[in-house]
Structure formats: structure tokens, C-alpha cells
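Remarks on the structure that follows.
The values are calculated or read from the model by the stated rules, or taken from the named source; none is laboratory data. On a predicted model such as this, the values are computed, not experimentally measured, just so you know. Neighbour counts run over all protein chains shown; Cβ positions are idealised from the backbone, glycine included. Side chains included, ligands, DNA and RNA excluded: accessible areas come from the protein's heavy atoms. Shrake-Rupley method; radii C 1.70, N 1.55, O 1.52, S 1.80 Å.
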Amino acid sequence: MDKEQIQNWLDNGYDILHHGRPVKVEGDLWDYIDGLGSYENVYVLRELIYWTEDELANIGK
């Protein structure tokens, strides 16, 4: 995964990455994430855009 892919997802209306798949969230983002029951393998795309390429490469490892 790289920043270009993340930006493409953001441009297409996706909000989070959940278990490696982009998800569009209806309503409040943080309420949705709290409702998942676990924060494991959940990443907010608008935060990931600021990660380094090395940090992004380690997602899912």
C-alpha cells in the first residue's frame, strides 16, 4: 500500500481501512469505529496519508 492508493480511496469517499479493505462510513466515523468492538486492523485513511512509506509497508504484518 502506498500514499497514492490511500489518496485514491479518500478521493472515492472511503474513510477507513478495515482488515485491509477500504470502507465508506455512514454517520459519525468514531461511533462507527467504536461499534466494531476492536480497533485491531482498523486504520483511518485521513491519518494514514501522513505515515511514512515504511510505516505503511508494515500494515498487516
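Structure above, values below:
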{"quantity": "Residues that are exposed (fewer than 12 other Cβ atoms within 10 Å of the Cβ) and either touching a helix residue (DSSP H, G or I) at 6+ places or on another chain (Cβ under 7 Å) or of a type outside the set (Phe, Trp, Tyr) (or both), drawn from the range 23-38", "calculated": "24, 26, 27, 28, 31, 34, 35, 37, 38"}
{"quantity": "Selected residue [at positive phi and surrounded by 10 or more Cβ atoms within 10 Å (Cβ to Cβ)] from 13, 20", "calculated": "20"}
{"quantity": "Candidate set: the range 39-54, residues that are over 19 Å from residue 11 (Cα atoms) and of a type outside the set (Val, Ile, Thr); chosen: the one least open to solvent (accessible area, probe 1.4 Å)", "calculated": "41"}
{"quantity": "Matching option when the condition is at pLDDT 95 or above and touching an Asp or Glu at 6+ places or on another chain (Cβ under 9 Å), among 45, 10, 17, 56", "calculated": "45"}
{"quantity": "Single unsatisfied condition, residue 57 versus (1) in contact with a Lys or Arg (Cβ under 7 Å, 6 or more places away or on another chain); (2) surrounded by fewer than 13 Cβ atoms within 10 Å (Cβ to Cβ)", "calculated": "(1)"}
